[in-house]
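The values are calculated or read from the model by the stated rules, or taken from the named source; none is laboratory data. Keep in mind that this is a model prediction, so the values were computed, not measured. Neighbour counts are summed over all protein chains in view; Cβ atoms, including those assigned to glycine, are modelled from backbone coordinates with ideal geometry.
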Amino acid sequence: MTAIAESRGSEVKELEVMADYVHLFIGAPPTESPVGIVEALKGISARVLFDEHPILRTMFRQGHLWSPSYCIGAVGHVSAEAIAGYVRGKKLRRVGRPASSPQ
């Protein structure tokens with residue numbers, strides 16, 4: 001993902017890969033649309049993975065690696081540090097207790 005983003009002039013600031021989804025915090029030039037970034041990341045990463053491991057194409061529904069859904073948010077009313085912390089902490093909350101649970 002990092003190489004794909006960088007090849008398009010974007011920077012992956014945080015990346016968390018889970019079993020069934022990926023969280024990314026990306027810095028991108030204003031000329032790039034958020035939808036275009038997501039489409040490029042999904043499309044190119046799937047093509048590379050399927051080229052390197054052709055058997056995977058038969059293991060995913062209709063040969064698609066990614067689901068068509070995604071969520072996009074922009075930094076504005078919260079700080080970049082808050083978003084980076086959210087992405088970093090996502091794996092801990094998924095694997096362990098919810099972030100709001102007492103220890």
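Can you confirm whether Ile37 is over 22 Å from Gly89 (Cα atoms), modelled with pLDDT of 90 or more and surrounded by 15 or more Cβ atoms within 10 Å (Cβ to Cβ)? Give the derivation first.
Working: over 22 Å from Gly89 (Cα atoms): yes; modelled with pLDDT of 90 or more: yes; surrounded by 15 or more Cβ atoms within 10 Å (Cβ to Cβ): yes.
Against the criterion (over 22 Å from Gly89 (Cα atoms), modelled with pLDDT of 90 or more and surrounded by 15 or more Cβ atoms within 10 Å (Cβ to Cβ)), Ile37 qualifies.
Each residue in region 40-86 was checked for being in contact with a His (Cβ under 8 Å, 6 or more places away or on another chain) and surrounded by fewer than 12 Cβ atoms within 10 Å (Cβ to Cβ), and 0 pass. Among residues of region 16-27 that are part of a strand (DSSP E or B) and modelled with pLDDT of 85 or more, those with a beta-carbon under 6 Å from a residue that is among the polar types (S, T, N, Q) and crowded, with 18+ Cβ neighbours inside 10 Å at least six positions away or on a different chain give the pairs Ile26/Ser10. Is it true that some residue in region 32-46 is touching a helix residue (DSSP H, G or I) at 6+ places or on another chain (Cβ under 9 Å) and basic (Lys, Arg)? The answer is no; no qualifying residue exists.
Matching residues to (1) under 23 Å from Ala80 (Cα atoms); (2) assigned to a loop (DSSP other than H, G, I, E, B); (3) basic (Lys, Arg):
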site: Val12; (1), (2), (3): yes, no, no
site: Pro30; (1), (2), (3): yes, yes, no
site: Val38; (1), (2), (3): yes, no, no
site: Gln62; (1), (2), (3): no, no, no
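Checked across region 60-72, the condition of being in contact (Cβ under 8 Å) with a residue 12 or more places away in the chain, β-branched (Val, Ile, Thr) and under 16 Å from Thr2 (Cα atoms) holds for no residue.
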